[in-house]
Amino acid sequence: MNYNMLVKNMPICYDLHSHSYYSDGDLSPSDLVLRAAAKGVDVLALTDHDTTDGIAEAMIAASKSGIILIPGIEISVTWQNTLLHIVGLRIDPDNKMLQAGLEGVQKTRQERAEKIAQRFKKIGLPDAYQAVLEYAGGDIISRNHFARYLIEKGFAKDHKSAFKRYLLKGKPCYVAADWAELKDAIDWIRAAGGQAVIAHPARYQLSNAKLKALFENFSLLGGEVIEVVSSAHSPTEVTKVARLANECGLLASSGSDFHSPKAVWAELGKIRALPEGSSPVWKNWNLPSTQNQTSYCSG
Ligand code: AMP
Ligand code: MN
Ligand code: MN
Ligand code: MN
């Protein structure tokens, strides 16, 4: 690997949440890595939804461009009727227990996609399934692919309104699914040698008491990390989540949740620094050439 970009004692930029076209991102893993390098990211995690298929390509691209690539995942979980996203960092993508777990979640995804396509028939779009299959190109099918079809067919002006009018809970094309159990997702990640992270916790619209219960439950089950800084979090939410993570003795992570160059509000490397007092997840990672270095962010 080429770590020339990591000059000793220079602050380094960690972006520990991003997507490629193996899930619902727009870029190939190679283009994602190139863009991350151009945006000043030093350590990038690829965390596709429910699949690790992009990691091998991302690793090769990273070794060529001087970025350190952290193999990751973002697992869909149902916890007390709420859809949660649990990121895994530093996983071994070849781990059998992890892959067996992901296969189950991928099957749930597939069945949900077929049910969503039935809902599309009812709103006058009978060919949605074929279209999303093509968009996904044999990889996992996401609601983002259905959103793209709604826009293409003139049913929504943009991504956000496609979700708001059709794809969110309570809307005509929303289909509930039983995703992985929180305990199972954590177990798979740990079996694969990784650390489990609650992704963008402020996005779940939980009360303060319920958010605390989630953090405590997560910690008891072996979860270690909270994604404190995310493009989905306001500065007030960052402060609140950081405090709660500290109270529960959990480490802090930071990621853009990049999906596409078009989504300018979630750009690679454009993330705030962790609040003072947070304990960074990377503090004991001892990555080559990053010892004794602090983090910086451009955001
Ligand atoms: P899925 O995992 O297939 O249910 O799709 C969830 C993905 O849709 C998330 O990871 C986001 O990329 C995207 N998404 C979720 N909610 C919204 C929203 N309100 N507006 C735009 N995109 C959303
Ligand atoms: Mn997504
Ligand atoms: Mn997510
Ligand atoms: Mn994500």
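Placing unit charges on each Cβ (+1 for Lys and Arg, -1 for Asp and Glu) gives the chain a dipole about its Cα centre, and among Phe215, Ala191, Leu46 the Cα reaching farthest toward its positive end belongs to Phe215. Of the accessible area of segment 114-167, with the probe set at 1.4 angstrom, what percent is carbon plus sulfur? With neighbouring chains kept in place, the figure for segment 114-167 is 49 percent.
Under 17 Å from the 7 Å Cα→Cβ point of Thr82, by amide nitrogen: which residues of segment 217-240? Only 217-221, 223-230, 232-234, 237-240 pass the distance filter. Compared with the dominant principal axis of the Cα atoms in the chain, helix 96-122 is inclined by about 40°.
Residue by residue, segment 171-177 carries 3J(HN,Hα) couplings of 9, x, 10, 7, 10, 6, 9 Hz when phi is fed to the Karplus relation 6.51 cos²θ - 1.76 cosθ + 1.60 (θ = phi - 60°); x denotes Gly or Pro.
Projected label points at Glu111 and Leu221, each 7 Å from Cα along the beta carbon direction, are separated by 2.0 nanometres.
Note on Lys153 and Lys183: their simple-model spin labels are 4.1 nm apart, each label 7 Å out from Cα toward Cβ. For segment 114-167, averaging the sequence separation of C-alpha pairs within contact (under 8 Å, six or more residues apart) and dividing by the residue count gives a relative contact order of 21 percent. Counting only alpha carbon atoms, the long axis of helix 235-247 and the longest principal axis of the chain meet at about 70°.
For the chain, count the residues as N, evaluate 2.2 N^0.38 Å, and divide the Cα radius of gyration by that value, please.
Ratio of Rg to 2.2 N^0.38 Å for the chain: 0.97.
Farthest toward the positive end of the dipole of segment 114-167, out of Ala162, Gly138, Ala117, is the Cα of Ala162, where the dipole comes from beta carbon charges about the Cα centre. For segment 172-244, the share of alpha carbon pairs falling in successive 10 Å distance bins from zero is 18, 45, 31, 6, 0 percent. Converting phi to 3J(HN,Hα) with the Karplus coefficients 6.51, -1.76 and 1.60 and the offset θ = phi - 60°, segment 19-31 yields 10, 10, 6, 6, 10, 10, x, 8, 9, 5, x, 5, 5 Hz in sequence order, with x at every glycine or proline. Residues whose amide H lies under 5 Å from that of Leu84, counting only those 5 or more places away or on a different chain, are Val77, Thr78, Trp79; hydrogens are built 1.01 Å from N in the peptide plane. Rounded, prolate or oblate: which one fits segment 114-167, using the alpha carbon gyration tensor with axes a ≥ b ≥ c (rounded when a/c is under 1.5, else prolate when a/b beats b/c, else oblate)? Oblate, since a/c reaches 1.5 and b/c is not below a/b. Distance between the 7 Å Cα→Cβ label points at Ala191 and Lys212: 3.4 nm.
Here the sum of -39500 (n - 2.57) over DSSP H runs of 4 or more residues, divided by the residues of the chain, equals -11000 deg cm²/dmol at 222 nm, to the nearest 500. Distance from the Cα centroid of segment 123-162 to that of segment 230-264 is 28 Å (rounded to whole angstrom).
Note down the magnitude of the dipole of segment 114-167 about its Cα centre, charges +1 on Lys and Arg C-beta and -1 on Asp and Glu C-beta and zero elsewhere, to the nearest 20 debye.
Computed charge dipole of segment 114-167: roughly 400 debye.
Treating the beta-carbon of each Lys and Arg as +1 and of each Asp and Glu as -1, no other charges, what is the dipole magnitude of the chain about its Cα centre, to the nearest 20 debye?
On the way: 33 positive and 32 negative charges, 214 e Å.
Result for the chain is approximately 1020 debye, rounded to the nearest 20.
Taking every C-alpha pair closer than 8 Å and separated by at least 6 residues, the mean separation divided by the residue count of the chain gives a relative contact order of 22 percent. Straight-line reach from Lys283: taking Cα to Cα under 18 Å and skipping same-chain neighbours fewer than 8 places apart, the aspartates and glutamates in range are Asp15, Asp42, Glu224, Glu227. Which of the pairs Lys240/Lys270; Lys64/Lys270; Lys64/Lys157; Lys107/Lys169; Lys153/Lys262 have their Cα atoms more than 29 Å apart in this structure? Those over the limit are Lys64/Lys157. What the phi angles of segment 277-284 give under the Karplus curve with 6.51, -1.76 and 1.60, with θ = phi - 60°, is a coupling list of x, 6, 9, x, 4, 7, 4, 10 Hz, glycine and proline written as x. Which angle from 0 to 90°, rounded to the nearest 10, does the C-alpha axis of helix 208-220 make with the longest principal axis of the chain? Its long axis makes an angle of about 70 degrees.
The values are calculated or read from the model by the stated rules, or taken from the named source; none is laboratory data. All values derive from a computational prediction rather than experimental measurement. As a convention, Cβ positions derive from the backbone with ideal geometry for all residues, glycine included, and neighbour counts pool all protein chains shown. These accessible areas exclude ligands, DNA and RNA; they are computed on the full protein's heavy atoms, side chains included. Shrake-Rupley method; radii C 1.70, N 1.55, O 1.52, S 1.80 Å.
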